[in-house]
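Participant: Mind having a look at this structure? Questions to follow.
The values are calculated or read from the model by the stated rules, or taken from the named source; none is laboratory data. Nothing here was measured: the structure is a model prediction, and the numbers come from that model. When we count neighbours, we look across all protein chains shown, and the Cβ atoms used for this are built from the backbone with ideal geometry, even at glycine.
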Amino acid sequence: MSDTPETAPKADPVPPAVRDVLTLFSTELSDVRFGDLDADDLARLAERARARAQEVERARATLEEALSELEAAKGELAQRAEQALAHARIYASGDESLSARIGELESRQRTSRPKKKRRASKRKRATAQEPESRPGVGELPFGDESAA
């Protein structure tokens, strides 16, 4: 089974120590058999592990794509729900109880939105650094006193 760039696992699922055993049995011990254990058996099991790793990578890619599509669908739904409430507010302009109900829904919508993460300003990031990592901090402007 040959790997194409699209189907090859990102990392070989066979640990380096096991690959060393496979190499040993495919070279110096290629003619040795211990019961039902030989180079061919080890190679077959390694290939099976690699095939399962490819299946996992494909499943993971499918999952990531599905999650991305889910987020897009949820975003579109939320946007359309906001539009629907805006239209409903206009429609309910003469109906106090319906306007109150729409106001409650709008309030719940505002509180359920995820908070946007704000980045720290450059100044805050600079002061948060360890003093040793900031240039000039801890250095005195005097000459080398050990030379005196």
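Participant: Yes or no: Arg123 modelled with pLDDT under 90 and part of a loop (DSSP other than H, G, I, E, B)?
Facilitator: no
Participant: Okay, moving on. Confirm whether Ala81 is modelled with pLDDT of 90 or more, under 33 Å from the mean Cα position of the chain (by Cα), surrounded by 10 or more Cβ atoms within 10 Å (Cβ to Cβ) and under 30 Å from Val21 (Cα atoms).
Facilitator: no
Participant: Take the residues in the range 28-64 that are aliphatic (A, V, I, L, M) and not in a helix (DSSP H, G or I), then tell me which one is surrounded by the most Cβ atoms within 10 Å (Cβ to Cβ).
Facilitator: Among residues in the range 28-64 that are aliphatic (A, V, I, L, M) and not in a helix (DSSP H, G or I), the one surrounded by the most Cβ atoms within 10 Å (Cβ to Cβ) is Leu29.
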